[in-house]
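What follows is calculated from the coordinates using simple rules that are stated; it is not laboratory data. Since this is a predicted model, take the numbers as computed values, not measurements. Here Cβ is always computed from backbone atoms with ideal geometry, including for glycine, and neighbour counts include all displayed protein chains.
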Amino acid sequence: MTTVAENLRAIRERVDAAMARRGPGPAVTLVGVSKRQPLAKLQAAAAAGLEDFGENYAQELRDKQRDWPTLAEAGGRWHFIGAVQSNKLKYLVGKTALIHTVDRASLIAAIDRRAAAAGVVQEFLLEVAIAGEAQKAGAAPSDLPALLDACRDAEHGAARCAGLMIIPPAGEPEQTRRWFRELRALRDRLRSELRRGDTERIDLRHLSMGMSADFEVAIEEGATLVRVGTAIFGPREG
Ligand SMILES: *Cc1c(COP(=O)(O)O)cnc(C)c1O
């Protein structure tokens, strides 16, 4: 049986090789997706050098943070990559480095309020349904300018949009490449339209794309965050 540490080493080598194929570009952060994985596996990954963990369920995140406070103390980071319910924001705002899955203006306003009350700036990504009908979650590309306006207009300036995220429709990695390429083109276009004075609230430096099956293709297409679960931790429980 391979261990988490061995899996992690193999994934890191594949990340490095994909970055080499890509050529010069941004750093890539490996986010270990640890939903429905026991804490012992997360801790084994941290001992092997993993610093970023992605969770999908707010209460599971809360419980893991309660049971493992030393991750954050040691400089590790939690990411939230699941569907965001506004009544669960208290478990996310100020408690995660990045919320990857924001798709509506009301959520941006709510994050801004909570972050201001907590005295923090909360970074988030906009999840994009770039493939249209085939996707369950995310904002339509045509909604993105209005969502960036919601960020510009937020009362406290405490929510910062750091980029875009996609969960493309299932398919072979080479079929998925086009969605990664489109997300990057969309981000580049939006970034070229940013205004002076946006920098505090919007920077669009991140592209969160690629999972166990296709993270190498995503890196070749410009991912800055890849979200890898089973290839590191093995099958999920439950
Ligand atoms: C579960 C999940 C992943 C990880 O999927 P794997 O196939 O296990 O790598 C990545 N991103 C999101 C949004 C997820 O929900």
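Beyond 17 Å, how much of the Cα-Cα pair distribution for segment 135-177 remains, as a whole percent?
Values: 440 of 903 pairs.
For segment 135-177, the fraction of Cα-Cα distances above 17 Å is 49 percent.
Converting phi to 3J(HN,Hα) with the Karplus coefficients 6.51, -1.76 and 1.60 and the offset θ = phi - 60°, segment 32-49 yields x, 7, 10, 4, 6, 10, x, 4, 4, 6, 4, 5, 5, 5, 4, 5, 8, x Hz in sequence order, with x at every glycine or proline.
Rounded to two decimals, what is the ratio between the C-alpha radius of gyration of segment 93-149 and 2.2 N^0.38 Å?
On the way: Rg = 12.3 Å, N = 57, 2.2 N^0.38 = 10.2 Å.
For segment 93-149, the normalised Cα radius of gyration is 1.20.
Among Gly94, Gly171, Gly82, the residue with the largest mean-square fluctuation in a Gaussian network model of the chain, with springs joining Cα atoms closer than 10 Å, is Gly171.
Roughly how many nanometres apart are two label points built 7 Å out from the Cα toward the Cβ at Glu13 and Glu193? Distance between the two pseudo-spin positions: 4.4 nm.
Only lysines eight or more places from Lys64 in sequence, or on another chain, were considered; those with a Cα closer than 25 Å are Lys35, Lys41, Lys88, Lys90, Lys95.
In nm², what is the average projected area of the convex hull enclosing the Cα atoms of segment 6-141?
Mean orientational projected area (segment 6-141, Cα hull): 9.9 nm².
For segment 109-203, the list of GluC sites (Glu not before Pro) that fall in a loop by DSSP and count at most 16 other C-beta atoms within 10 angstrom reads Glu155, Glu193, Glu200. When the alpha-carbon atoms of segment 130-231 are used, the pair Rg, Dmax equals 14.3, 43 angstrom.
Over the chain, Cα pairs under 8 Å with separation of 6+ residues give a relative contact order of 23 percent.
Kirkwood's formula applied to the C-alpha pairs of the chain gives a hydrodynamic radius of 18.1 angstrom. Using a cutoff of 8 angstrom between alpha carbon atoms and counting only pairs six or more residues apart, the relative contact order for segment 14-123 works out to 19 percent.
Taking the centroid of alpha carbons for each part, segment 127-162 and segment 1-48 are 28 Å apart.
The HN-Hα couplings worked out from phi for segment 53-70 by the Karplus form 6.51 cos²θ - 1.76 cosθ + 1.60 (θ = phi - 60°) are 10, x, 10, 9, 10, 4, 6, 5, 4, 4, 5, 5, 5, 5, 7, 9, x, 6 Hz, whole numbers, x standing for Gly and Pro. When you filter the trypsin sites (Lys or Arg not before Pro) in segment 133-194 for DSSP loop state and at most 12 other Cβ atoms inside 10 Å of their Cβ, you are left with Lys136.
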